[in-house]
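Right, one structure below, let's go through it.
Only the coordinates and a few stated rules stand behind these numbers; no lab work does. This structure is a prediction, so every number in the text was calculated from the model and none was measured. Every residue, glycine as well, gets a Cβ built from its backbone with ideal geometry; the counts of neighbours run over all protein chains shown.
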Amino acid sequence: MPPRGASTKDKRQYEHIKESYKERGVGEDEAERRAAATVNKERSSEGRTKEPQSKAKQERSQRSQERAASRSAQGKSRTENARASTKRAKD
């Protein structure tokens, strides 16, 4: 069975891949699993599997990525920053 939400092209691709595996001696169930995984991989790489995010979720995600990037630019991990902060508080 092709993946849910698959286009006509995806369904054709799924059938072709499944038949190719069966011709190579792979069992029916395994051929279906591999074909579905391959089609899903292609759809994912093309960005056709993700549902659109809400504007608020996009903004939260962007802020989180920016914070992580600034920590990386400082050369310290979150744990290292916390330890340094604790050490300063004790002094």
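Using the Cβ atoms and a cut-off under 15 Å, what net charge is assigned to the surroundings of residue 59, where Lys and Arg are +1 and Asp and Glu are -1?
Values: positive: 55, 57, 60, 63, 67; negative: 66.
Local charge sum for residue 59: +4.
Take 32, 42, 59 and order them by how many other Cβ atoms sit within 10 Å, fewest up front.
Numbers: 32 18, 42 15, 59 11.
The most exposed by this proxy come first: 59, 42, 32.
Which order results if 22, 55 are arranged by neighbouring Cβ count within 10 Å, fewest first? Let's see the in-between values first.
Numbers: 22 15, 55 8.
So the ranking, lowest neighbour count to highest, is 55, 22.
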